[in-house]
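J.: Take a look at this one; I'll ask things after.
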Amino acid sequence: MAPTPTPLQPLIAVLGCGWLGLPLAQALVEEGYAVAGSTTTPSRLLKMRDAGITPYLLELGPTLTATDQDTLHTMLTGARVLVLNVPPSAAKGHYVELLQPVYQAAIDCGVRHVLFVSSTGVYADEPRTMTEDDALAAPDANSELLRAESLFTAPDAPFATTVVRLAGLIGPRRAPGRFLAGRTGLPKPQAPVNLIHLTDCLGILGRIIRQRAWGRTFNASAAHHPTRQEFYTAAAAHLELAPPTFVEEDTLGKCIDSELLRQETGYMFQFDDLNEAMKYC
């Protein structure tokens, strides 16, 4: 049975217990937090319950059914921290509308802190280093994601939100060697790679909750930024797969800087070297 919440161990609601959210919820339970979690997959409910997570079956949408609305409010009632881990791909082009009911439910249920799991897709693909201040709604940036961030970080929001913009995700069942293996005619061979291992995702999100580092925006990426050609060729070889081939061009791309996260939280990446990280995927 999950421990009873106390001021030092608030009930945490993890909205979206998938590839990232489920191990995060499990890790928080192991640390002694009382955790509720949602999934859209009925077969996952028992696994969540066995891990000590209070499970909820919930399908988000711009307009929630009465059942889903009740489920969302029940899940958030008593929660002090909401981990919002719903990828934009789930919204089919209407991300802000998808999250609007969550925003209102968080207000209604008295949530105090939101940890918004975002993406470095908010940055334009320009050949320069991107810090947290460089997120502009450019044509090739994910403006829907920026709008969603702004919804939860608005000055009049009754809770404090920290946004974590994760680089490309790698880890168990997401081996980078499979991403481009065997593909041909790929662009930007010299562009920098921006990735982060699941282990560091969990470590960073847990650190923010423990330190109560609210009201901030952080980039989260390994410090190692090899070129696309160098890294994905080596990653395919590691799995003994056909290497990708690239066109000859010198076009570059963005490079994600996560120094602010490192300085303010003191987090030490376990997989700052992507060549090492690929061995644990």
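The values are calculated or read from the model by the stated rules, or taken from the named source; none is laboratory data. What you are looking at is a predicted structure, and each value in this text was computed from that prediction instead of being measured. Every residue, glycine as well, gets a Cβ built from its backbone with ideal geometry; the counts of neighbours run over all protein chains shown. Side chains included, ligands, DNA and RNA excluded: accessible areas come from the protein's heavy atoms. Shrake-Rupley method; radii C 1.70, N 1.55, O 1.52, S 1.80 Å.
J.: What's the total number of residues in segment 92-121 that are closer than 24 Å to LEU202 by Cβ and either touching a helix residue (DSSP H, G or I) at 6+ places or on another chain (Cβ under 8 Å) or crowded, with 19+ Cβ neighbours inside 10 Å (or both)?
T.: So in segment 92-121, the residues closer than 24 Å to LEU202 by Cβ come out as 95, 99, 102, 106, 111-121.
Checking the rest, the ones that are also either touching a helix residue (DSSP H, G or I) at 6+ places or on another chain (Cβ under 8 Å) or crowded, with 19+ Cβ neighbours inside 10 Å (or both) come to 95, 99, 102, 106, 111, 113-121.
The number of residues fulfilling the criteria is 14.
J.: Somewhere in segment 157-171, is a residue open to solvent by 50 Å² or more (accessible area, probe 1.4 Å) and touching a residue at least 60 places away in the same chain (Cβ under 8 Å)? Lay out the reasoning, then the answer.
T.: Step one: of segment 157-171, the residues open to solvent by 50 Å² or more (accessible area, probe 1.4 Å) are 158.
Narrowing further to those that are touching a residue at least 60 places away in the same chain (Cβ under 8 Å): none.
Scanning segment 157-171 turns up no residue that is open to solvent by 50 Å² or more (accessible area, probe 1.4 Å) and touching a residue at least 60 places away in the same chain (Cβ under 8 Å).
J.: Identify all residues within segment 10-60 that are open to solvent by less than 20 Å² (accessible area, probe 1.4 Å) and part of a helix (DSSP H, G or I); write none if there are none.
T.: If the condition is that a residue be open to solvent by less than 20 Å² (accessible area, probe 1.4 Å) and part of a helix (DSSP H, G or I), then GLY21, LEU22, LEU24, ALA25, LEU28, MET48 are the ones that fit.
J.: Quick one: how many residues across segment 61-80 are out of contact with any strand residue (DSSP E or B) (no Cβ under 6 Å at 6 or more places or on another chain), assigned to a loop (DSSP other than H, G, I, E, B) and either farther than 27 Å from GLN211 by Cβ or among the small types (Gly, Ala, Ser) (or both)?
T.: 5
J.: Let me ask something additional. Select, from VAL86, VAL117, the only residue that is at pLDDT below 95 and β-branched (Val, Ile, Thr). Working first, answer last.
T.: Values: VAL117 fails: at pLDDT below 95.
Checking each option against the conditions leaves just VAL86.
J.: Could you please find all residues in segment 189-213 being assigned to a loop (DSSP other than H, G, I, E, B) and open to solvent by 10 Å² or more (accessible area, probe 1.4 Å)?
T.: Within segment 189-213, GLN190, ASN194, ARG212, ALA213 meet the criteria.
J.: Of the residues that sit in segment 141-180 and are assigned to a helix (DSSP H, G or I) and out of contact with any Phe, Trp or Tyr (no Cβ under 9 Å at 6 or more places or on another chain), which one is nearest to GLN270 (Cα to Cα)?
T.: Here is the first cut: in segment 141-180, the ones assigned to a helix (DSSP H, G or I) are 143-153, 176-178.
Still in the running and out of contact with any Phe, Trp or Tyr (no Cβ under 9 Å at 6 or more places or on another chain): 143, 146, 150, 178.
On the way: SER143: 31, LEU146: 28, SER150: 30, ARG178: 22 Å.
Of everything passing the filter in segment 141-180, ARG178 is nearest to GLN270 (Cα to Cα).
J.: Here is a follow-up. Within the set of pairs 6+ apart or on separate chains, which have a first residue in segment 219-230 that is under 21 Å from GLU248 (Cβ atoms), a second that is surrounded by fewer than 18 Cβ atoms within 10 Å (Cβ to Cβ) and of a type in the set (S, T, N, Q), and C-beta atoms under 6 Å apart?
T.: THR227/GLN190
J.: Answer yes if at least one residue in segment 133-148 is at pLDDT 95 or above and either over 30 Å from PHE246 (Cα atoms) or surrounded by 17 or more Cβ atoms within 10 Å (Cβ to Cβ) (or both), and no otherwise. Can you show your working first?
T.: Going residue by residue through segment 133-148, those that are at pLDDT 95 or above are none.
No, because not a single residue in segment 133-148 is at pLDDT 95 or above and either over 30 Å from PHE246 (Cα atoms) or surrounded by 17 or more Cβ atoms within 10 Å (Cβ to Cβ) (or both).
J.: Could you grab me the full set of residues in segment 100-115 that are within 22 Å of LEU20 (Cβ to Cβ) and of a type outside the set (Phe, Trp, Tyr)? Explain how you work it out, then say what you get.
T.: Looking only at segment 100-115, we keep the residues that are within 22 Å of LEU20 (Cβ to Cβ), and these are 101-103, 105-106, 111, 113-115.
Matches in segment 100-115: PRO101, VAL102, ALA105, ALA106, VAL111, HIS113, VAL114, LEU115.
J.: I'd like the full set of residues that are free of Cβ contacts under 8 Å to residues at least 40 places away in the same chain and of a type in the set (A, V, I, L, M, F, W, C), limited to segment 30-56.
T.: Residues satisfying the conditions are ALA34, VAL35, LEU45, LEU46, MET48, ALA51.
J.: Collect the residues in segment 207-236 that are within 15 Å of GLY171 (Cβ to Cβ) and within 19 Å of the chain's Cα centre (by Cα), keeping them in residue-number order. If you could, list the steps in order and put the result at the bottom.
T.: Initially, segment 207-236 is screened for residues within 15 Å of GLY171 (Cβ to Cβ), giving 220-222, 235.
Within segment 207-236, ALA220, SER221, ALA222 meet the criteria.
J.: Return the residues of segment 68-86 that are under 19 Å from ALA148 (Cβ atoms) and β-branched (Val, Ile, Thr); say none if nothing qualifies.
T.: VAL81, VAL83, VAL86
J.: Would you point out which residue out of VAL83, VAL96 is under 20 Å from GLY121 (Cβ atoms), assigned to a helix (DSSP H, G or I) and of a type in the set (Val, Ile, Thr)? Full working, then the answer.
T.: Working: VAL83 fails: assigned to a helix (DSSP H, G or I).
Being under 20 Å from GLY121 (Cβ atoms), assigned to a helix (DSSP H, G or I) and of a type in the set (Val, Ile, Thr) holds for just one of VAL83, VAL96, which is VAL96.
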